[in-house]
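What follows is a single structure, written as structure tokens, with notes after it.
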């Protein structure tokens, strides 16, 4: 019909996704539920087994449904790439080196033991051939990087353990895919030789990325920063992550390896805080697309028709993986609470499970019907991962209870200091010197134990969870101090707390002046950049030592600090720039 509005399928899918995000994120945030579940439920609703199956009967449903999930696959893959890039930004090469024993020790044991036993229990015992059983076993051994790490973070004991295992799993994706090719009955060619060439070429590309990135990235982002254009900064960030991903993908390695390296390289520059804040919305939306595709793979009718068998397989996989992972962590010296929580969190299969199953089916190692059954099991496991995280935390509190509140809590107002490390303890010392009531909280049990042994009033808790701050008296606290070195998390928490507590004094440790300006925009009362305070202390030391009187030096330091704070508040949008002063000169 002339003049009829036509819309491409890709545009329709984009509108459905954006509309879903606009509904899921605020609604689930309102009830303090992770949007992960919401995106998966949306996928079930609008996918080919939901509203998409009714398009032939009701034409208008094509505008609110997605009938071809394959069109979303590139966007979902890009979401995983951005996630690994963000993980790299939170790490550093020094920290990654510190984790090497966990990555190649705990990570390799977890994958090999769970993969081998799963092959025997879920595959070989059910009548599958040896090759098919091994493919299924190692597919089920993977856990979800895309869902687990946003829940656990990377700096808590649980986060470090999960990150170590997930990093090793990501490294092993390519070898496992090649091994499947070697096991295929119709396989031809030198698969071992192909794998060797891929690893050699991949190693060369990674080395080139490390060398070039070390010298080129600071200059690239410096030029972008001078333009004062957020768009150019975003373009530079996307150029780096996409370029690194394409480089590793061209050698046969996973593109997520390149994304992780790109994040690690940028983390070593002074621009990583700005990159984190700029990339955060894109990462969240792309991850949402991936989760929607997971939901689209779930056919509720198939589940209902074989409900008992499917649920039995789901429970069996979850319990088995949780027990084995927890036991391995205990053997490696982890606390009972950390082992229990990490084991339950890592229990569900992964998006990588779906990839391995697809590769095994293409290689004729696993038949299509078996692959579909385990794909449904995997999708259900991914859907309930946020619930497993809550269950893991509850079990951790039971197996190794940590008192929620200090024994001397009397209900009186007290300052809350988030972070019981060196900076947090120093602030606590100053509070004690002036007889000010206070409490330290930290999510690392080892840090909590160390602070307790030194006599500090400290409790275990994750400030990112609203109920923790509520239990320590945020409603009656005269002030809240953030000391942790986690820029993006600090900014989020400040914004959330300012919305809930308009009058609360919030003092935040900032990584640099740019981060301080962002914190002021988020609602911080005071943001203290580390580089500013170190500069002022250096100035004070040199002035006093060369003979300037202490009084004038301290006065000038305070004056300079006030000038910087006022400028940061201007940069953060809290104040208008001061008017230029004019003077008249009398002749």
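How much length is gained on full extension from residue 285 to residue 70, taking 0.36 nm per residue of separation minus their Cα-Cα distance?
On the way: separation 215, 0.36 × 215 = 77.40 nm, distance 1.77 nm.
Here the answer is 75.6 nm.
In what sequence, highest mean first, do 126-139, 334-347 appear when ranked by Cβ atoms within 10 angstrom?
Output ranking for 126-139, 334-347: 334-347, 126-139.
Per residue, how big is the convex hull of the stretch 436-495 when only Cα atoms are used? Give it in Å³.
Values: hull volume 5.6 nm³, N = 60.
It is 93 Å³ per residue.
Note down the relative contact order for the stretch 68-399 as a percent, whole number, built from C-alpha pairs under 8 angstrom at least six residues apart.
Value for the stretch 68-399: 29 percent.
Apply 1/(1 + (r/R0)^6) to the Cβ-Cβ distance of residue 390 and residue 15, taking R0 = 35 Å, and write down the FRET efficiency to the nearest 0.05.
FRET efficiency, residue 390 to residue 15: 0.60.
If each residue of separation counts as 0.36 nm, what is the full-extension length gain between residue 223 and residue 307 once their alpha-carbon separation is subtracted?
Numbers: separation 84, 0.36 × 84 = 30.24 nm, distance 5.81 nm.
Roughly 24.4 nm would be gained on extension.
Over all Cα pairs of the stretch 68-399, how is the pair count split among 10 Å bins, expressed in % and running from 0 up to the last occupied bin?
6, 25, 34, 25, 9, 2, 0
Please give the peptides 497-510, 40-53, 546-559 ranked by average Cβ packing (other Cβ atoms within 10 Å per residue), highest first, as a rough proxy for protection.
40-53, 497-510, 546-559
Using a Förster distance of 45 Å, how high is the FRET efficiency between residue 239 and residue 300, based on the Cβ-Cβ distance and rounded to 0.05?
Calculated value: 0.60.
Need one number: nm distance between label points at residue 464 and residue 512, each 7 Å from Cα along Cα→Cβ, rounded to one decimal.
2.4 nm
So what's the gap between the Cα centers of the stretch 46-68 and the stretch 430-444, to the nearest angstrom?
Value for the Cα centre distance between the two parts: 57 Å.
Subtract the Cα-Cα distance of residue 503 and residue 556 from 0.36 nm times their separation in residues, and report this length gain in nm to one decimal.
Gain in length upon complete extension: 16.0 nm.
Need one number: nm distance between label points at residue 530 and residue 563, each 7 Å from Cα along Cα→Cβ, rounded to one decimal.
Here the modelled spin labels are 2.6 nm apart.
Report the label-to-label distance for residue 544 and residue 104 in nanometres (one decimal), using points 7 Å from each Cα along the Cα→Cβ vector.
4.8 nm
Report P(r) for the stretch 7-67: all Cα-Cα distances, bin width 5 Å, range 0 to the bin holding the largest distance, values in whole percent.
For the stretch 7-67, the binned pair fractions read 4, 20, 25, 23, 14, 9, 4, 1 percent.
Since every read-out is calculated from the coordinates, none of them should be taken as a lab result. What you are looking at is a predicted structure, and each value in this text was computed from that prediction instead of being measured. Glycine gets a Cβ as well: all are built from the backbone with ideal geometry, and neighbour counts include every protein chain shown.
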